[in-house]
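Encoded as structure tokens, the structure appears first; notes follow it.
The values are calculated or read from the model by the stated rules, or taken from the named source; none is laboratory data. Just so you know, these numbers come straight off a predicted model, no measurement behind them. As a convention, Cβ positions derive from the backbone with ideal geometry for all residues, glycine included, and neighbour counts pool all protein chains shown. Quick note on the areas: whole protein, heavy atoms, side chains included, nothing else; ligands and nucleic acids left out. Shrake-Rupley method; radii C 1.70, N 1.55, O 1.52, S 1.80 Å.
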Amino acid sequence: MKKQRRTIGAVVEIPLDDGTHCYGIVLEDASVGVFKVKTNENLEIPDILNKEVLFIVAVYNEAITSGRWKKVGKVQLDGRFEVLPLKFIQDSHDATSIDIYNPNTGEITPSTKEECMGLECAAVWAAEHVESRIIDYFNNKENVWVKQLALK
């Protein structure tokens, strides 16, 4: 695999274990937006960008810099990606201690479980865990990593 830099706005091809692939877009704050597409075909950038975003999570740089997720293009980020979604932080020893993390400002504020429903956990994902999550989504199967990071 050819080494490459992590570049904001890069569109990456995410290979999946079943021989298909998905696409993502590199965002600020170590985040990657994963598009709701799983295919054997090489899609054109405009077709990729027209897909719904499945989820946005922080991903270790190595997924991109190692060449595992190959860059297939670069775009100017559109409005969907200007503001990253809020995330929750839950104390592993006290499930009632919950904060909201704003990746746009770095601000952490006390919160309630209700306010955090539907938010992603503030975590950095390994490439293989993101790939597993994508496969499980398209197979309509619960993902072990999503379950592990779920709000308690």
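Consider G73 carefully, then state whether it is open to solvent by less than 60 Å² (accessible area, probe 1.4 Å) and either more than 15 Å from V32 (Cα to Cα) or among the aromatic types (F, W, Y) (or both). No; evaluated as a whole, the condition is false for this residue. Regarding the stretch 24-43, can at least one residue be identified that is open to solvent by less than 70 Å² (accessible area, probe 1.4 Å), β-branched (V, I, T), modelled with pLDDT of 95 or more and in contact with a Cys (Cβ under 7 Å, 6 or more places away or on another chain)? Yes, that holds for at least one residue. Filter the stretch 64-82 down to residues that are in contact with a helix residue (DSSP H, G or I) (Cβ under 6 Å, 6 or more places away or on another chain) and of a type outside the set (D, E, K, R), then give me how many there are. Matching residues across the stretch 64-82 total 2.
For the structure I just gave you, tell me whether T105 is of a type in the set (S, T, Y) and touching an Asp or Glu at 6+ places or on another chain (Cβ under 8 Å). No, not satisfied.
For the condition open to solvent by 50 Å² or more (accessible area, probe 1.4 Å), at pLDDT 90 or above and hydrophobic (A, V, I, L, M, F, W, C), I8 qualifies. Counted as qualifying within the stretch 89-152 are the helices (runs of 4 or more DSSP H) with 3 or more residues that are open to solvent by less than 40 Å² (accessible area, probe 1.4 Å) and in contact (Cβ under 8 Å) with a residue 40 or more places away in the chain, namely 127-138. Of everything listed in (1) over 15 Å from the mean Cα position of the chain (by Cα); (2) farther than 20 Å from E131 by Cα; (3) not β-branched (V, I, T), the single unmet condition for E41 is (2). In the stretch 62-69, the condition of being β-branched (V, I, T) and open to solvent by less than 40 Å² (accessible area, probe 1.4 Å) is met by at least one residue.
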